[in-house]
Amino acid sequence: MSKKNNLLGLTREELQDYLIKINEKPYRGLQIFEWIHNKGIIDFDSMTNLGKDLIEKLKQNSIIEIPEIIDISTSSEGTKKFLLKLDEDSFIEMVKIPEKKRQTLCISSQAGCALKCTFCATGYHGFKRNLTSSEIIGQLWIANYYEDESERVSNVVFMGMGEPLMNTTNVLKTINIMKDQKCYSLSKRRITLSTSGIVPEIEAITGKTDVSLAISLHASNDDLRNEIVPINKKYPIRDLLLSSKNYLESLNSKSYITVEYILIDKVNDSIEDASNLVSLLSDLKCKINLIPFNPFPESEYKRSSHQNVESFKNHLIKNKFIATVRTTRGDEIDGACGQLVGKLINPIGSKKLKKEQILARNIH
Ligand code: SAH
Ligand code: SF4
C-alpha cells in the first residue's frame with residue numbers, strides 16, 4: 001500500500017491540521033472533508049473549488065483510497081454483503097441491511113479476530129491485523145456512495161469482523177467522523193459498538209464517547225463463558241457488567257445496554273440458563289437481543305430450535321425484560337460475522353487466492 005497519507009480516515013480537525021502543516025489555510029481542510037464525506041468525491045481533480053496548485057500539492061503528499069470491492073452478494077430480502085480487500089492477505093466483509101425505516105450497516109474493525117470465541121467464524125480463522133481509520137470509515141463511504149445514493153446508511157453497528165475495543169483509537173476516530181454534522185451526522189443512538197468485553201477499554205472509553213454499547217454476553221455464568229468466550233478468563237462477567245453499568249451512567253437517562261446472547265442448541269439455551277440470566281441482569285438497564293446461532297462448516301454447534309428460542313425469550317419477557325430475537329437476515333449469503341471471508345481464506349492469509357477463484361468460491 002502507498003506510503004502517502006490517506007486523507008479518508010482523518011477527522012475534520014485532523015484534515016485542517018494537515019492543511020496547516022502543508023502551509024495551506026485550514027478551511028481547505030473542511031472543503032476536502034466535505035468533498036469526501038458529504039459529496040462522495042474522492043478524486044482530487046473533481047474537487048473544483050480547491051484550485052490547480054493545491055490539487056497538485058495534495059496529489060504529491062496524499063491519497064484518498066477506499067478498500068477494493070471484490071464482490072457484492074444480495075439476498076432475496078435485499079441484504080447486501082460486501083467482500084472487501086485491504087491488501088494481498090487481508091479481506092473483510094460488511095453487510096448492509098435494509099429495514100422499513102432504516103438502512104443498517106454492519107462494519108468490521110479488524111481483519112480477523114484474536115479472541116477465538118468458539119461459535120464465531122471470524123475467531124476460528126484467526127487474527128490478521130487492525131484496520132486503519134481509513135479502512136473503517138471507507139466501509140461507510142462505500143455503502144453510501146458506491147451504492148445507490150437513495151439508500152444512505154442511517155445506523156452503523158460494529159458487529160462485523162473483529163473486536164472494536166482491541167482497535168479503540170481507530171474506532172473512536174471513525175465514530176467522530178460518523179457523528180460529524182458536516183457529513184454523515186449519525187446520532188450517538190444510531191451507532192452501536194459491540195464488544196466481547198474488554199473491560200479496561202470499556203473503562204477507557206467511558207466519558208470519551210457516548211455511542212450505544214452492546215455487550216456479547218452469551219452465557220449466564222463464568223464457567224460456560226470461559227469456555228465459549230475465552231476473554232472471559234481475563235475479564236469475568238462481574239467486571240464486564242460493572243464497567244458496562246459505569247459506561248451507561250456516563251450517558252443520559254434514556255440509554256440502555258444491549259445484551260447480545262447467542263442461542264446454541266444444548267449449550268446455553270435451557271430455561272435454567274434463562275433464569276440465571278434474569279438474576280444476573282436484574283440491576284442492569286438493558287435490552288436483550290437473542291441471536292440464533294448461525295452455523296458454519298467448521299463448527300459442530302447447532303442453532304437452537306425455534307421452540308427453545310421462543311421459550312427462552314418468553315421467560316425473559318415474563319420477568320419484565322425487553323427481549324427480541326434477531327432475525328438472521330442474509331443467511332443465504334452467509335450473513336453472519338466472518339463467514340464469507342472464512343470461505344475464501346482458510347485460515348486467513350495462508351493461501352493467496354486469485355480474484356477469479358474468490359468469485360468462483362463465492363457462489364452459494
Ligand atoms: N467482537 C465483537 C463484535 C463483532 S461480533 C463482539 O464479539 O461483540 C458481533 C456479534 O456477532 C457478536 O455478538 C457475536 O457474538 C455474534 N456472532 C459471532 N458469530 C456468530 C454466529 N456464528 N452466529 C450468530 N452470531 C454470531
Ligand atoms: Fe472476535 Fe467477536 Fe468473533 Fe469473539 S465474537 S471471535 S470477539 S469477532
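Which members of segment 76-89 meet the condition of being in contact with a strand residue (DSSP E or B) (Cβ under 7 Å, 6 or more places away or on another chain) and either modelled with pLDDT under 95 or surrounded by 22 or more Cβ atoms within 10 Å (Cβ to Cβ) (or both)?
Selection gives G78, T79, K80, K81, F82, L83, L84, D89.
Considering only residues that are buried (at least 16 other Cβ atoms within 10 Å of the Cβ) and more than 23 Å from the chain's Cα centre (by Cα), look in segment 286-310 and name the one that is nearest to ligand 2 (Cβ to nearest atom).
Among those that are buried (at least 16 other Cβ atoms within 10 Å of the Cβ) and more than 23 Å from the chain's Cα centre (by Cα), it is Y301.
From (1) of a type in the set (A, V, I, L, M); (2) closer than 12 Å to A143 by Cβ; (3) within 16 Å of ligand 2 (Cβ to nearest atom); (4) in contact with a Ser or Thr (Cβ under 8 Å, 6 or more places away or on another chain), pick out the condition that doesn't hold for I107.
Answer for I107: the failing condition is (4).
Consider only pairs whose beta carbons are under 8 Å apart and that are at least six residues apart or on different chains; among these, list those whose first residue lies in segment 206-223 and is open to solvent by 40 Å² or more (accessible area, probe 1.4 Å) and whose second residue is within 11 Å of ligand 2 (Cβ to nearest atom).
Within 8 Å, the pairs are D222/N232.
Among I42, I36, which is under 30 Å from S90 (Cβ atoms), touching a residue at least 60 places away in the same chain (Cβ under 8 Å) and either in contact with a His (Cβ under 6 Å, 6 or more places away or on another chain) or not in a helix (DSSP H, G or I) (or both)?
Just a single option satisfies the conditions, and that option is I42.
Against the conditions (1) touching a residue at least 12 places away in the same chain (Cβ under 8 Å); (2) more than 16 Å from G9 (Cβ to Cβ); (3) part of a loop (DSSP other than H, G, I, E, B), where does K85 fall short? Just the number, please.
(3)
Before we move on, is K352 over 30 Å from S76 (Cβ atoms) and at pLDDT below 90?
Yes.
In segment 110-120, how many residues are near ligand 2 (Cβ under 7 Å from one of its atoms) and surrounded by fewer than 24 Cβ atoms within 10 Å (Cβ to Cβ)?
Going through segment 110-120 one residue at a time, the tally reaches 3.
Keeping to segment 216-255, report how many residues are part of a loop (DSSP other than H, G, I, E, B), more than 15 Å from ligand 1 (Cβ to nearest atom) and within 22 Å of T168 (Cβ to Cβ).
4
Taking the residues in segment 221-250 that are hydroxyl-bearing (S, T, Y) and in contact with a helix residue (DSSP H, G or I) (Cβ under 6 Å, 6 or more places away or on another chain) as candidates, determine which candidate is nearest to ligand 2 (Cβ to nearest atom).
Y235
Only one residue in L316, L277, L359 is part of a helix (DSSP H, G or I), at pLDDT below 95, more than 24 Å from E99 (Cα to Cα) and away from ligand 2 (no atom under 16 Å from the Cβ), so which one is that?
L359
Say we look at segment 169-205 and pick out the residues that are over 19 Å from T258 (Cβ atoms) and of a type in the set (S, T, Y); which of these is surrounded by the fewest Cβ atoms within 10 Å (Cβ to Cβ)?
Among them, the one singled out is T169.
The values are calculated or read from the model by the stated rules, or taken from the named source; none is laboratory data. On a predicted model such as this, the values are computed, not experimentally measured, just so you know. We place every Cβ from the backbone using ideal geometry, glycine too, and count neighbours over all the protein chains shown. These accessible areas exclude ligands, DNA and RNA; they are computed on the full protein's heavy atoms, side chains included. Shrake-Rupley method; radii C 1.70, N 1.55, O 1.52, S 1.80 Å.
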